[in-house]
Amino acid sequence: MSLVVLDPVGETRQFGEGKPMRSLESLDGKRLGLLWGGHVASSKFWPALEEAVIAKFRPSEVHRLYKSSSWNEAPAADVEEFARKVDYAIVGVAA
């Protein structure tokens, strides 16, 4: 039996072209992105949060990117495609 210890400090990765973030005057009617890591600790909270955000801000579109495992990062290509589709995103635990 062996014990493998991983360094918990992640590397920062630049996605896309590094465009500066732009401010939004309002979230109402904008394209919403929901990026969730699928961590079991938030499995009941996350759907309730989504429902509340959608009801409050009435997004014109909702795009979800759910990772298959809270341990693995989302593939860069998936994150880049996701980012192109949304005006703002809410990112969950372990995403």
Using a Förster distance of 25 Å, how high is the FRET efficiency between D28 and R84, based on the Cβ-Cβ distance and rounded to 0.05? 0.75
Relative contact order %, region 31-91, counting alpha carbon pairs below 8 Å whose residues are six or more apart: 59 percent
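Only the coordinates and a few stated rules stand behind these numbers; no lab work does. Computed from a prediction, not measured in an experiment: that's the story for all the values here. For neighbour counting, all protein chains shown are included, and Cβ atoms are generated from backbone atoms with ideal geometry for every residue, glycine included.
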